[in-house]
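Structure first, commentary second.
The values are calculated or read from the model by the stated rules, or taken from the named source; none is laboratory data. Nothing here was measured: the structure is a model prediction, and the numbers come from that model. Don't worry about glycine lacking a Cβ; one is built from the backbone with ideal geometry, like all the others, and counts go over all protein chains shown. Each accessible area value is taken on the protein alone, full model and side chains, heavy atoms only, with ligands, DNA and RNA left out. Shrake-Rupley method; radii C 1.70, N 1.55, O 1.52, S 1.80 Å.
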Amino acid sequence: MIEAIITLITTTALLLGSPGPAPLALAATGATHGIKKGTPFLIGILLGLSFAIVGATLGLTTLFSYWPELQWSMQLLSAFYLTYVAFKIATAPITSPLNTTKESTPLLSDGFILNLLNPKAYVAFLAIFSQFILPFSNEAHSYIATGIVCLIVAAIVDTLWLCFGGLLRPLFSHPIQARILRVTFAILMILTVIWTFIT
């Protein structure tokens, strides 16, 4: 059991912790608005991820296999929404590090929608649940325990990304540097969207 848990934790950390739209959005939010103001966005991302976990266990990815256009539509919606979040971060008013505007801060709903519309999350969890399910005698317990471990790992890696951005924040308190940081994160987020479509 210990070996299965370690394997699950490692796989989940690699799948969810590698640079991608959600981690980069969290880092950008931490750098732009700070850890405290970015926490609702983090919670929204984790709530959206919870729905992805439930969706994967209920076989939402089976629907994608029968109706590929559904996955394409969700991917397209996700790309548009992520571009909106990237634009929101890149164009946030340049203010002092302690005085970013509430209107420019990504909200809990932004994070929730971002992961809710992310088909990659569903596919990642389908892979986890098909290969790395924890070995309990009761199948329902196996799925629940696996989902809980995945969510805990996601919470840790996503919090680290938000904190990473928060650590960069004081280094970019100068208006020009702050704008460069925000635009750089926004471009990286959009490039990950493009990469998703071409791979």
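Assorted remarks:
- Taking the stretch 86-199 as the region of interest, the helices (runs of 4 or more DSSP H) fully inside it that hold 3 or more residues being open to solvent by less than 70 Å² (accessible area, probe 1.4 Å), modelled with pLDDT of 80 or more and of a type in the set (S, T, N, Q) are 139-168.
- Filter result (farther than 17 Å from Leu107 by Cβ, out of contact with any helix residue (DSSP H, G or I) (no Cβ under 8 Å at 6 or more places or on another chain) and not hydroxyl-bearing (Ser, Thr, Tyr)) within the stretch 14-39: Leu14
- Exactly one residue among Phe80, Phe51 is open to solvent by 80 Å² or more (accessible area, probe 1.4 Å) and either touching a His at 6+ places or on another chain (Cβ under 7 Å) or modelled with pLDDT of 80 or more (or both), and that residue is Phe51.
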